[in-house]
Amino acid sequence: MAKILIIDDEKSIRSTLREILEYEKYEVAEAEDGEIGLEMLSNNDFDVVLCDVRMPKMDGIEVLEKSHSQGLDTAFIMVSAHGTIETAVEATKKGAFDFIQKPPDLNRLLLSVRNALDRSTLVTETKVLRKQVSKTFDIIGESAAIEKVKETIDKVAPTDARVLIQGANGTGKELVAKWIHQKSGRSSGPLVEVNCAAIPAELIESELFGHEKGAFTSAIKQRHGKFEQANGGSLFLDEIGDMSLSAQSKVLRALQENKISRVGGDKEIRVNVRVIAATNKDLKKEIKEKKFREDLYHRISVILIQVPPLSDRRDDIPLLIDKFLEDIAAEYGSTKKSISDKAIKELQKHPWTGNIRELRNVVERLVIMCGQVIDEKDVVRYTDVN
């Protein structure tokens, strides 16, 4: 149920507005002056405020200004018996959603309230989405190893240089790729991801370059590949070390000429794509064993970023645990659990062969299985620390 605050020094006006709004099934609260209204706004969540302009102690415009200065974004509908164009313009400039004259027309008032509620919903949804996006691209840590990665990202991201991200499984290579894209001039374009290890060798070329109708038995219609889908943006080739030599040859040509051809077609299609690659393999060793093309390696590794394993950044573990506790609580819709210092020290002893992914799974297990405060006994019991 939407909550509406009425701020007006006239009791009769407050009573009339309350009656109208409660009839429409809104939850209503009242404040008899601007100071009380501002205090109520600071301590409660309201969806819309109906605020008189002229009041003792603090007028409506001042309430509006102070609420915005406190970071409150509740929609204000200003109501006044002394409405002038100048007052309405001033209120709008200060951030008011609407301006209505007293006595208010019932239909006009309810329409304005509904529109303000729609606006409040959009603002809330936008905040949630922004928070989700920012969470997605958070690289948590203050260790020297991770700071070096962040600094490299900041230098490289604004360019179009191809990047090869190296590191063990679970270290956060995908996260680094997303940061590079998000901080680049291509951030408004797509970031298309391909897990080269998850696609069968016979399908990888079709996945990357698309195919024409009839190119093979199951090609019942034309299909655009990942290179075309990423046009104007970035293409993230995860686990590129697992790509077949045949696909490597075609990727090399695409990077050399900025052109691709769909499987079963001879038409050349120009593409404008920044390639970011990642691998958990030693590609130089793969090259010696003739499993990876040396010329492709030099094409994709203009910039090398080595993502450190968690064992090299143990000082970041407390920050990561706190972040995971917060995220898991939000996902489960529960109160964030706390963890003792001794429990954190126990977790810092762990070898973490699965790196950050393993740590996150362990923290989630502890949240599910333990009480409100996770202690060292819980860690010993639910993780293979010793």
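So that you can scan it fast, the table gives a plain yes or no per residue for (1) crowded, with 20+ Cβ neighbours inside 10 Å; (2) in contact with a strand residue (DSSP E or B) (Cβ under 6 Å, 6 or more places away or on another chain); (3) under 17 Å from residue 80 (Cβ atoms); (4) outside the structural domain of residue 104 (by TED's automatic domain parsing):
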position: 8; (1), (2), (3), (4): yes, yes, yes, no
position: 13; (1), (2), (3), (4): no, no, yes, no
position: 20; (1), (2), (3), (4): no, no, no, no
position: 24; (1), (2), (3), (4): no, no, no, no
position: 31; (1), (2), (3), (4): yes, yes, yes, no
position: 39; (1), (2), (3), (4): no, no, no, no
position: 43; (1), (2), (3), (4): no, no, no, no
position: 55; (1), (2), (3), (4): yes, no, yes, no
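Taking segment 313-331 only, how many residues are touching a residue at least 60 places away in the same chain (Cβ under 8 Å) and surrounded by 16 or more Cβ atoms within 10 Å (Cβ to Cβ)?
5
What pairs come out if I take residues in segment 48-75 that are at pLDDT below 85 and pair them with residues that are of a type in the set (A, V, I, L, M, F, W, C) whose C-beta lies under 6 Å away, six or more apart or interchain?
72/41; 73/123
Please verify whether residue 319 is under 30 Å from the mean Cα position of the chain (by Cα), in the same structural domain as residue 346 (by TED's automatic domain parsing) and at pLDDT 95 or above, treating the condition exactly as stated.
Considered against the rule, which asks whether it is under 30 Å from the mean Cα position of the chain (by Cα), in the same structural domain as residue 346 (by TED's automatic domain parsing) and at pLDDT 95 or above, residue 319 comes out as yes.
Taking residue 174 as the residue in question, decide whether it is in the same structural domain as residue 271 (by TED's automatic domain parsing) and over 20 Å from residue 275 (Cβ atoms).
So residue 174 does not fit the description; no.
Of all residues in segment 339-368, count the ones that are within 16 Å of residue 312 (Cα to Cα) and of a type outside the set (Lys, Arg).
Of the residues in segment 339-368, 11 are within 16 Å of residue 312 (Cα to Cα) and of a type outside the set (Lys, Arg).
Go through segment 345-360 and give me each residue that's of a type in the set (S, T, N, Q) and within 11 Å of residue 325 (Cα to Cα).
none
Suppose we keep only residues that are more than 23 Å from the chain's Cα centre (by Cα) and surrounded by 19 or more Cβ atoms within 10 Å (Cβ to Cβ) within segment 163-199. Which one would you say is modelled with the lowest pLDDT?
My answer is 199.
Would you call residue 251 β-branched (Val, Ile, Thr), without any contact (Cβ under 8 Å) to a residue 60 or more places away in the chain, assigned by TED's automatic domain parsing to the domain that holds residue 177 and touching a strand residue (DSSP E or B) at 6+ places or on another chain (Cβ under 7 Å)?
Criteria not met by residue 251.
Could you tell me whether segment 275-290 includes any residue that is touching a His at 6+ places or on another chain (Cβ under 8 Å), surrounded by 18 or more Cβ atoms within 10 Å (Cβ to Cβ), in a strand (DSSP E or B) and in contact (Cβ under 8 Å) with a residue 60 or more places away in the chain?
yes
Conditions first: (1) crowded, with 17+ Cβ neighbours inside 10 Å; (2) modelled with pLDDT of 95 or more; (3) within 30 Å of residue 202 (Cα to Cα). Residue 302 passes all but one, so which condition is the exception?
All conditions are met except number (1).
The values are calculated or read from the model by the stated rules, or taken from the named source; none is laboratory data. Keep in mind it's a predicted model, so treat the numbers as computed, not measured. Cβ sites come from the backbone with ideal geometry, for glycine too, and all protein chains shown count toward neighbours.
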